[in-house]
1. Collect the residues in the range 143-161 that are over 26 Å from Lys206 (Cβ atoms) and without any contact (Cβ under 8 Å) to a residue 24 or more places away in the chain, keeping them in residue-number order.
2. I'm told Phe291 meets every condition in (1) outside the structural domain of Gln197 (by TED's automatic domain parsing); (2) within 23 Å of Pro58 (Cα to Cα); (3) aromatic (Phe, Trp, Tyr) except one. Can you identify the failing condition by its number?
3. Taking the options Gly191, Gly228, name whichever one is under 30 Å from Glu341 (Cα atoms), surrounded by fewer than 24 Cβ atoms within 10 Å (Cβ to Cβ) and within 12 Å of the ligand (Cβ to nearest atom).
4. Going through the range 82-137 one residue at a time, which ones are assigned to a helix (DSSP H, G or I) and under 18 Å from Asn285 (Cβ atoms)?
5. When you scan the range 240-257, do you find a residue that is more than 15 Å from the ligand (Cβ to nearest atom) and modelled with pLDDT of 95 or more, even just one?
6. Which condition breaks for Gln348 when tested against (1) of a type in the set (S, T, N, Q); (2) closer than 22 Å to Ala196 by Cα; (3) out of contact with any Leu (no Cβ under 6 Å at 6 or more places or on another chain)?
7. Among the residues of the range 60-109, write down those that are within 16 Å of the ligand (Cβ to nearest atom) and of a type in the set (Asp, Glu).
8. Which residues, taken from the range 325-337, are touching a strand residue (DSSP E or B) at 6+ places or on another chain (Cβ under 6 Å) and not basic (Lys, Arg)?
Amino acid sequence: MKLNEVFDSYKKNIVPSYSKVPLVFTKGKGSYLWDIRGKKYLDFFPGWGVGNLGHCHPKVMQAVREQVSKLIFIPNNYYHIPQAKLAREVIRCSFPAKVFFCNSGAEANEAAIKFSRKFGCGRYEIVTFENSFHGRTLAALAATGQKKYQEGFAPLPEGFKCVRFNDIEAVKSALVPKTVAIMLELVQGEGGINVAQKDFVRGLRKICDEKKLLLIIDEVQTGIGRTGKFFCYEHYGIIPDIITLAKASGGGLPIGMMVVRREISDILGPGMHASTFGGSPLVTNTALAVFKAIDKDKLLQNASAMSDYLFSRLNRLKDECLLVKEVRGIGLMIGVELNIEGASVVEQCAQKGVLLNCTHGNVLRIMPALGVSKKEIDKAMGVLESVLRGNEK
Ligand SMILES: Cc1ncc(COP(=O)(O)O)c(C=O)c1O
């Protein structure tokens, strides 16, 4: 297909629910992508949070190849080895728990919401936060604390109370007898890279313990090494009751997981919740390779070291460039808040071969692969600096 044929087919045949950048990619490797014309791009936002291992990691490709020739799919009324192994690995990396497998972040959050309602035995309300994002299915959307995503889709399921982020008093005053859980991202991704404060999160854990509420941490974007630890909650010295995972877990294949504390996990009995494709052999074998590669390639160590380097470069840029208002984030999940709209900065960087993202209007979102090198950071920073300087004039 030629470039214009691709655009034409999208225009005629695909529901236009995404705003799109006019680039057609045909190949990826590590931190790089190539478009249909052969132009090379340094990808500092690989896969919208999916590409923690970069594009086409050799271990991911090997796992797909191995499994695809043995068994691609088996339904969940039977057993298979990759699912058993992956569940064990997820728990080794997190806390004593059991896993429910599904296919996406929204679906993992739906599972957590349904789980909470079963757990609540009549209590059903979940406290959520302004600027949060939990997905596009109706309950996940109702949990999302951003009106712009909800407009036009009423009526949304009831049972969510949205309060200010990082405000423990607001949480306390939202609690009622029917409250069953508190649900949050520790770094709000779509909401503009807003970091939860340590005292706040510890305060939430205390409230949940005292009132017998579930603490649900949405690790869909922050998980799988993104913040320099396997899971972001590890930075906070707490153990959640539930974490939800997706995005980077499958190395590019669709997977979602709800990981729930073992003592309460059997509340969802046979027939209460299901997902046909959830945890298939192909996907779980690949996810297992992702989990192992993070250990074997020492990606958490690299992410932490490269995070320090990238933050130091960005903070220097902030001191020198009036357009940069704030730099924030954890690990390699970084937001650069600008004094101008971010969309055209992202576009200009793409023209110069560096892919970034802009969220919340004016926050550049920088989330390179965990194996990113100093050289790649220098290259991306060189482009970003020159684009911002150009916009200062
Ligand atoms: C924190 C968080 N939760 C949930 C979701 C929804 O995930 P999915 O698009 O896989 O349904 C996202 C997607 O961006 C997310 O960032």
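1. Narrowing the range 143-161 to residues over 26 Å from Lys206 (Cβ atoms): 146-158.
If the condition is that a residue be over 26 Å from Lys206 (Cβ atoms) and without any contact (Cβ under 8 Å) to a residue 24 or more places away in the chain, then Lys147, Lys148, Tyr149, Gln150, Glu151, Gly152, Phe153, Ala154, Pro155, Leu156, Pro157, Glu158 are the ones that fit.
2. Just one mismatch for Phe291, condition (1).
3. On the way: Gly228 fails: within 12 Å of the ligand (Cβ to nearest atom).
One residue alone meets the criteria, Gly191.
4. Pass one, the range 82-137, residues assigned to a helix (DSSP H, G or I): 82-93, 105-120.
Scanning the range 82-137 gives Pro82, Gln83, Ala84, Lys85, Leu86, Ala87, Arg88, Glu89, Val90, Ile91, Arg92, Cys93.
5. Of all residues in the range 240-257, those more than 15 Å from the ligand (Cβ to nearest atom) come to 241.
Filter once more, keeping what is modelled with pLDDT of 95 or more: 241.
Yes.
6. Result: Gln348 passes all but (2).
7. Step one: list which residues in the range 60-109 are within 16 Å of the ligand (Cβ to nearest atom), which gives 100-109.
Result: Glu107, single match.
8. Going through the range 325-337, the residues touching a strand residue (DSSP E or B) at 6+ places or on another chain (Cβ under 6 Å) turn out to be 325-330, 333-337.
The answer is Glu326, Val327, Gly329, Ile330, Met333, Ile334, Gly335, Val336, Glu337.
The values are calculated or read from the model by the stated rules, or taken from the named source; none is laboratory data. From a predicted model like this one, the values you see are computed outputs, not experimental measurements. Note: ideal-geometry Cβ built from the backbone for every residue, glycine included; neighbour counts use all protein chains shown.
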